[in-house]
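Notes follow once the structure below has been shown.
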Amino acid sequence: MLSTQQFSLLLLKWNHDFNRRNMPWKGINDPYKIWLSEIILQQTRVDQGEKYYNSITTKYLTVSDLSLAKDDEVYKLWQGLGYYNRCRNMLHTARHIHQELNGIFPKRYEDILNLKGIGDYTAAAIASFAYNLPYAVVDGNVVRVLSRVFGLNQSFYDAAGKKFFQSLALELLNKKKSAEYNQAIMDLGATVCKPQLPECNQCPFEKKCIAKIENRINELPVKKEKLKLKVRHFHFFVFEDKTSFYILKRTSKDIWNQLYTFYMIETENEKVKSKDNIILKSINNSPQVFQQVLSHQKIQGYFHINNKITEKEIAHLNVFKINKYELEAYAFPRLLISFFQKNNYL
DNA sequence: AAGCCGGGGAC
DNA sequence: GTCCCAGGCTT
């Protein structure tokens with residue numbers, strides 16, 4: 001059995017000798033940029049998040065710069081990244097720091113944790129990377145590495161499991177080199193101890209890894225129960241003239257909050273019944289159909305074009321008029337981007 | 001505790 | 001198709 005000292009030693013040696021992973025935020029200590037990178041990377045692959053990190057940090061050099069930006073401008077930069085409440089919380093926190101904290105990022109773990117959009121993982125990441133404070137990160141990478149190396153059948157997806165892994169991770173943490181250690185274990189998980197086809201021959205724990213020894217690599221970590229896909233039917237009504245579209249901003253707690261779409265209704269199936277909306281007397285009944293599969297729902301998008309509607313009727317809807325050349329100023333869901341591209345608007 | 005929130009890359 | 005990603009918030 002591996003002692004905590006051995007674990008840390010082997011990990012740091014691997015990090016020094018073999019880890020060549022490089023990312024724009026790696027090794028920096030600006031809490032603002034570290035915070036941005038961590039928010040962007042929540043449930044998001046490094047490859048996917050990197051260009052968003054670059055564009056946001058290029059446009060807003062400090063947290064105060066970001067705090068002064070317009071919502072729509074920032075959401076536009078976030079477009080396509082998903083989990084849009086992260087963007088909402090990010091703006092809230094930037095403005096809180098600018099207005100209430102004189103633009104100074106908090107330095108204590110508890111204060112960092114209290115910021116909107118920051119949970120256990122992100123607080124530990126910022127505290128260790130920016131200030132080298134002794135807090136252990138527990139993300140998907142860490143759970144996978146620890147589960148395999150120590151052969152843990154504990155699930156991470158309940159309160160007891162979270163506590164268990166956080167406790168173990170803290171015990172293993174090299175308290176004097178928390179930044180280096182935390183980065184190393186995540187890098188190991190991302191580049192060697194991968195979810196599928198891990199490269200055990202490059203792993204410093206190969207000879208000690210319980211999962212490897214007992215041939216349980218594919219069983220660990222204990223998987224999260226997969227959620228069943230709910231199918232939803234969204235009917236979009238494209239009101240347009242030569243130069244303009246009518247769009248609206250979504251403001252419910254539903255999917256795509258704060259993004260823009262056409263006027264839309266949701267129905268039980270692919271059919272729109274006249275009772276579904278009295279305004280839509282003359283809907284086009286052969287819409288363009290686009291589908292988007294998300295992790296938790298499948299969305300069928302029906303785009304009804306050439307709708308006959310008067311200005312007076314439009315006034316009853318929640319929409320406003322934009323010029324077609326303004327499309328690039330608004331953040332749209334992927335599904336609408338597909339529609340715009342297919343019809344050569346983008 | 002369970003549900004909800006996007007989108008995409010690797011296989 | 002399946003898995004899962006530098007998770008967190010709401011109910």
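The values are calculated or read from the model by the stated rules, or taken from the named source; none is laboratory data. Please read all numbers here as calculations on a predicted model, not as lab measurements. In this analysis, Cβ positions are derived from the backbone assuming ideal geometry, glycine residues included, and neighbour counts consider all displayed protein chains. To get the accessible areas, we keep the full protein, side chains included, count just its heavy atoms, and leave off ligands, DNA and RNA. Shrake-Rupley method; radii C 1.70, N 1.55, O 1.52, S 1.80 Å.
When the listed pairs A:230/A:253; A:33/A:70; A:228/A:273; A:224/A:298 are checked against a 22 Å cut-off, the alpha-carbon distance exceeds it for A:228/A:273.
Entry comment: accessible area of region A:14-55 is 55 Å² per residue, from protein heavy atoms only and a probe of 1.4 Å. Does region A:128-215 come out rounded, prolate or oblate by the C-alpha gyration tensor, with a ≥ b ≥ c the root eigenvalues, rounded set by a/c under 1.5 and, if not, prolate when a/b is larger than b/c and oblate if not? Oblate.
Heavy atoms only, probe 1.4 Å: what % of the accessible area of chain A goes to carbon and sulfur, would you let me know?
Numbers: 9390 of 18640 Å².
Within chain A, the accessible surface is 50 percent carbon and sulfur.
The largest-to-smallest principal axis extents of the Cα set in region A:230-342 are 37, 34, 27 Å.
Axis of helix A:4-17 versus longest Cα principal axis of chain A: the two differ by about 70°, to the nearest ten degrees. The heavy atoms of residue A:328 offer some 140 square angstrom of accessible surface to a 1.4 angstrom probe.
Taking the centroid of alpha carbons for each part, region A:1-60 and region A:66-129 are 18 Å apart. Take the Cα of residue A:241, step 7 Å toward its Cβ, do the same at residue A:228, and the gap between the two points is 4.8 nm.
Applying both filters, DSSP loop and at most 12 other Cβ atoms within 10 Å, to the trypsin sites (Lys or Arg not before Pro) of region A:54-140 gives A:70, A:108. Extension gain for residue A:315 to residue A:269 (0.36 nm times residue separation, less C-alpha to C-alpha distance): 13.8 nm. What 222 nm value per residue comes from the helices of chain A, counting each DSSP H run with n ≥ 4 as -39,500 (n - 2.57) and dividing by all residues, nearest 500 deg cm²/dmol? That comes out to -12000 deg cm²/dmol.
Between the Cα long axis of helix A:31-40 and the first principal axis of chain A there is an angle of about 60°, rounded to the nearest 10. For region A:4-213, what log10 I(q)/I(0) values come out of the Debye formula at q = 0.08, 0.14, 0.19 1/Å, with one point per alpha carbon and no solvent? Ignoring solvent entirely, the Cα scatterers give -0.29, -0.85, -1.40. A simple rule links phi to the HN-Hα coupling: the Karplus curve 6.51 cos²θ - 1.76 cosθ + 1.60 with θ = phi - 60°, which for region A:177-184 gives 10, 5, 5, 5, 5, 4, 5, 5 Hz, with x for Gly and Pro.
Any idea what % of Cα-Cα pairs in region A:22-109 are farther than 21 Å?
On the way: 919 of 3828 pairs.
Summing the P(r) of region A:22-109 above 21 Å gives 24 percent of all pairs.
Ordered by 1.4 Å accessible area with all protein chains kept, A:210, A:118 run largest first as A:210, A:118.
Here the Karplus curve 6.51 cos²θ - 1.76 cosθ + 1.60, taken at θ = phi - 60°, turns the phi angles of region A:78-86 into couplings of 7, 3, x, 7, x, 6, 5, 5, 4 Hz, with x standing for Gly and Pro. Once the mean of 1/r is taken over each pair of separate Cα atoms and inverted, region A:166-288 shows a Kirkwood hydrodynamic radius of 20.4 Å.
Here the 3J(HN,Hα) profile of region A:132-142, calculated from phi with Karplus coefficients 6.51, -1.76 and 1.60 at θ = phi - 60°, is 6, 7, x, 10, 8, 6, 10, 10, x, 4, 5 Hz, Gly and Pro shown as x.
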